[in-house]
Amino acid sequence: MTIDLQFDRDHLWHPYTSTSNPLPCYPVVRAEGVEIELEGGQRLIDGMSSWWSTIHGYQHPELSHAAKQQIDAMSHVMFGGLTHEPAVELGKKLLAMTAPKLNKLFLSDSGSVAVEVALKMALQFQQGVGQLQRTQVLTIRGGYHGDTFAAMSVCDPVNGMHSLFADSLSKAHFLPRPTTAVGQPLTAADEQALATGFADHGETLAAVIVEPLVQGAGGMHFYGSAYLERLATLCQQHGVLLIFDEIATGFGRTGKLFAYEHTSVVPDILCLGKALTGGTMTLAATLATDEVAAGVCASAAGVFMHGPTFMANPLACAVANASMAILQRGDWQQQVDAIEQQLTAQLAPCQQLAQVTDVRVFGAIGVVETKRAVDVAAIQQEFTRLGVWIRPFGKLVYIMPPYIISPQQLSQLTQALTRVLALPSVYQASS
Ligand SMILES: *Cc1c(COP(=O)(O)O)cnc(C)c1O
């Protein structure tokens, strides 16, 4: 059996590529550990964790076992009026892993939906506490929160392509991308921007939503906890809810189980997804404080107005429980720390390359920023030739490998990255 690439090309949409003139796709037959096997037998070392999700590697025996056990008991039942052990167990695990004040959990299908849920909770909360004028949302530039409409409205207005949907998107307020660096005090520019933002909108905001410390798909930008600490103070002073989107940063990626643990801040609402099932299937969670939940349920509706068909899908919850159990054993901490050290040492030489403007590492995330945008088709051809799977976007070539990657495998990724970025042929002709 061979995969019908012509059919794929002619009929299947892939993310962010044209259907008229699609970028090439590589056919995969299996994936195991840190390796993706292509049709024909070539194996690629995965530098992407399938977009932040496969933190324990592919086909982890405990995750596969959990799925098989659960599929024989019950793949799915509706969550309206019914409940089940996988959901209750996941609730217990997630509440135990997160800050004590996060005490209520809404399970949904995907990260974007978790963000929709968070924003809707914030709006219903403000109605419930009688703050009917609080209908606006504020965020920072350079963010990414998903592709559905409310999520899109808080993505970076430039690379989030707001112009395409200008008349249909609800208007969020944007502050500049933070300039406060990791480990540094709040910059004067950030202090000013935050003060102005709250002076202008503090009385009409329902919520602020940000990715704490690491902005992912919006530009792979890192910023300091001092920013979040000031932001949290302002939110509290103004009665504005603080939402942290940790869909990318959650579950150890930054060196703490959750990025907010690098700060003194606990958000009112927390969005989780991506690595929740260890990359096995889609599941997301929105956690909230008791206060938020009480406000929501005091609103005119009396209930939270959301209920996806596949809410708390038992199969996904069972796999998530297995993934959380692996995390609870704690090996991730040493693994992520070791990846961070190795990335820091082995990506540093990229700084010498003519086309490279910046190299940065945070936890198990390594980013090389280039002067000109890369030619995705050309650069992927070079990467796959060297036996690695790295998928850049724009001027950002980055790796965030599964935590179980060996030092040798990680060296192969960083060597490939360094070699390929030295080739003039992998860049677009003009930026
Ligand atoms: C990926 C991502 C989302 C969207 O999650 P999906 O599961 O793709 O809908 C939202 N926020 C952040 C920070 C993400 O990285």
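The values are calculated or read from the model by the stated rules, or taken from the named source; none is laboratory data. All figures in this text were calculated on a predicted structure; none of them were measured in a lab. Quick reminder, even Gly has a Cβ in these numbers, built from the backbone with ideal geometry, and neighbours come from all protein chains shown. Just so you know, the surface numbers come from the protein's heavy atoms only, side chains and all, with ligands and any DNA or RNA stripped out. Shrake-Rupley method; radii C 1.70, N 1.55, O 1.52, S 1.80 Å.
Whether any residue in segment 353-374 is under 22 Å from residue 275 (Cβ atoms), surrounded by fewer than 20 Cβ atoms within 10 Å (Cβ to Cβ) and of a type outside the set (A, V, I, L, M) is what I want to check. If you could, list the steps in order and put the result at the bottom.
The initial filter retains those residues of segment 353-374 that are under 22 Å from residue 275 (Cβ atoms), namely 360-367.
Those still in the list that are surrounded by fewer than 20 Cβ atoms within 10 Å (Cβ to Cβ) too: 360.
Applying the additional criterion that residues be of a type outside the set (A, V, I, L, M) yields 360.
Checked against the condition, which is being under 22 Å from residue 275 (Cβ atoms), surrounded by fewer than 20 Cβ atoms within 10 Å (Cβ to Cβ) and of a type outside the set (A, V, I, L, M), segment 353-374 yields at least one hit.
Among the helices (runs of 4 or more DSSP H) confined wholly to segment 81-165, which include 3 or more residues that are within 14 Å of the ligand (Cβ to nearest atom)? Once the helices (runs of 4 or more DSSP H) in segment 81-165 are filtered for at least 3 residues that are within 14 Å of the ligand (Cβ to nearest atom), what remains is 111-128, 149-153. The numbered conditions (1) within 20 Å of residue 92 (Cα to Cα); (2) within 16 Å of the ligand (Cβ to nearest atom) are all true for residue 290 except (2).
Out of the residues in segment 214-240 that are among the hydroxyl-bearing types (Ser, Thr, Tyr) and open to solvent by 10 Å² or more (accessible area, probe 1.4 Å), which is farthest from residue 178 (Cα to Cα)? This residue is 233.
With respect to the conditions (1) within 15 Å of the ligand (Cβ to nearest atom); (2) β-branched (Val, Ile, Thr); (3) farther than 24 Å from residue 341 by Cβ, residue 179 lacks only one, and its number is (1). As a summary of the residue check, residue 429 satisfies the conditions (1) part of a loop (DSSP other than H, G, I, E, B); (2) modelled with pLDDT of 95 or more; (3) open to solvent by 20 Å² or more (accessible area, probe 1.4 Å) except for the one numbered (2).
Among the residues of segment 264-279, some residue qualifies, meaning at least one is surrounded by fewer than 24 Cβ atoms within 10 Å (Cβ to Cβ), part of a loop (DSSP other than H, G, I, E, B) and free of Cβ contacts under 8 Å to residues at least 60 places away in the same chain.
Checking each residue in segment 164-194 for being in contact with a helix residue (DSSP H, G or I) (Cβ under 9 Å, 6 or more places away or on another chain), open to solvent by less than 50 Å² (accessible area, probe 1.4 Å) and within 17 Å of residue 235 (Cα to Cα) picks out 172, 173, 175, 178, 186, 190, 194. Of the candidates 322, 338, the single residue that is open to solvent by 10 Å² or more (accessible area, probe 1.4 Å), within 30 Å of residue 374 (Cα to Cα) and in contact with a Leu (Cβ under 9 Å, 6 or more places away or on another chain) is 338.
Here's the yes/no breakdown for (1) more than 19 Å from residue 338 (Cα to Cα); (2) surrounded by fewer than 18 Cβ atoms within 10 Å (Cβ to Cβ):
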residue	(1), (2)
385	yes, yes
388	yes, no
399	no, no
407	no, yes
410	no, no
421	yes, no
424	yes, yes
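Taking every residue in segment 182-202 that is more than 12 Å from residue 230 (Cβ to Cβ) and pairing it with any residue that is assigned to a helix (DSSP H, G or I), at least 6 positions away or on another chain, the pairs with Cβ-Cβ distances below 6 Å are 202/238.
For segment 195-252, name all the residues that are away from the ligand (no atom under 16 Å from the Cβ), among the small types (Gly, Ala, Ser) and not in a loop (DSSP other than H, G, I, E, B). Full working, then the answer.
Start the filter on segment 195-252 by keeping residues that are away from the ligand (no atom under 16 Å from the Cβ), which leaves 195-206, 224-227, 229-241.
The next check asks that each one be among the small types (Gly, Ala, Ser); those that pass are 195, 197, 199, 202, 206, 224-226, 232, 239.
Matches in segment 195-252: 195, 197, 199, 206, 225, 226, 232.
Among the residues of segment 292-314, how many are of a type in the set (A, V, I, L, M) and crowded, with 22+ Cβ neighbours inside 10 Å? Spell out how you get there, then give the answer.
Step one: of segment 292-314, the residues of a type in the set (A, V, I, L, M) are 292-294, 296, 298, 300-301, 303, 305, 311-312.
So of that shortlist, the ones also crowded, with 22+ Cβ neighbours inside 10 Å come out as 292, 296, 312.
Total meeting the criteria: 3.
The set of residues from segment 39-55 being in a loop (DSSP other than H, G, I, E, B) and open to solvent by 10 Å² or more (accessible area, probe 1.4 Å) comprises 39, 40, 41, 42, 53. Scanning segment 10-35 for residues that are β-branched (Val, Ile, Thr) and open to solvent by 20 Å² or more (accessible area, probe 1.4 Å) yields 17, 19, 28, 29.
Can you confirm whether segment 73-81 contains a residue that is open to solvent by 10 Å² or more (accessible area, probe 1.4 Å) and within 18 Å of residue 279 (Cα to Cα)? Checking segment 73-81: at least one residue is open to solvent by 10 Å² or more (accessible area, probe 1.4 Å) and within 18 Å of residue 279 (Cα to Cα). With the structure loaded, tell me whether residue 246 is acidic (Asp, Glu) and either modelled with pLDDT under 95 or within 18 Å of residue 175 (Cα to Cα) (or both) or whether it fails that test. No.
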